[in-house]
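The values are calculated or read from the model by the stated rules, or taken from the named source; none is laboratory data. Quick caveat, the model's predicted, so the values are computed rather than measured. Remember, those area values only see protein heavy atoms, side chains included, never the ligands or the DNA or RNA. Shrake-Rupley method; radii C 1.70, N 1.55, O 1.52, S 1.80 Å.
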Amino acid sequence: MKKIFLVILIFMFGCQLNPVSDGGSSASSSFSSTSISSSMSDSSLPMVAAKAYYSMVLKSDNTLWAAGQNNYGQLGTGDKVDRNQFTLVLSNVKYVTCGNYHALAIKEDDTLWAAGWNYYGQFGIGTNFDSTNHFICVLSNVKYVAAGYYHTMVIKKDGTLWASGRDNEGQLGIGYGIDTNRFTYIDSNFKYVVCGNYHTLAIKEDNTIWITGWNNYGQLGVGSSISNITSFVKVNLGN
């Protein structure tokens, strides 16, 4: 039985929106090891992701497994029943990330798949609906994806940054309060993006850091108590 350390891992159209057919712990330090028993134990685990009350595990054979709360179908199991054991939900996956109630996976063909809550249009498919309990294809040519509480950020293979979902605090970087249900172009030459609940940080190819969104606690690091920033600005890290 293999043991793993579970680590929380804190992009327009070109694909059809089709449904997919497809123990014990000890704490001697700041990390605890968790034993996985079941059919999952036959392979190493190259990636894990989690948010709120659910977890996603990507195995080395590129299969995606899910467990936890499933009230919005975020596990992608085809229902809204919670799971207390990891369940196979998708194949041919190379990356996974989690929003609070929506999960996002990039397949080996660079298509982006989403399951769960889409109330604010965080799937970026041009329509809002409550939720879907299975993974659907939402975008092609995707290099990287990140998810916040109710928003999704995508870097496409050409390095362009795109955003969709809720923008109540400017977290999309396209203007305060302007929610969008379709992926909207932000800028180019990006290589990495990560989301807080209501703020977004991205790194460009020149290694500059760009931020937008909620700043109530100074999390944007701009040296100001301004409550939010609604468009991406470059962070000055000094020397």
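Could you pull out every one of the lysines with an alpha carbon less than 30 Å from that of LYS80, ignoring same-chain neighbours closer than 8 positions?
By straight Cα distance, LYS80 reaches LYS2, LYS3, LYS51, LYS59, LYS94, LYS107, LYS143.
Probe radius 1.4 Å, ligands and nucleic acids left out: which of ARG166, ARG182 has the largest accessible area, and how do the rest follow?
Ranking ARG166, ARG182 by accessible area, largest first, yields ARG182, ARG166.
Averaged per residue, what accessible area in Å² does the stretch 170-239 show with a 1.4 Å probe, protein chains only?
54
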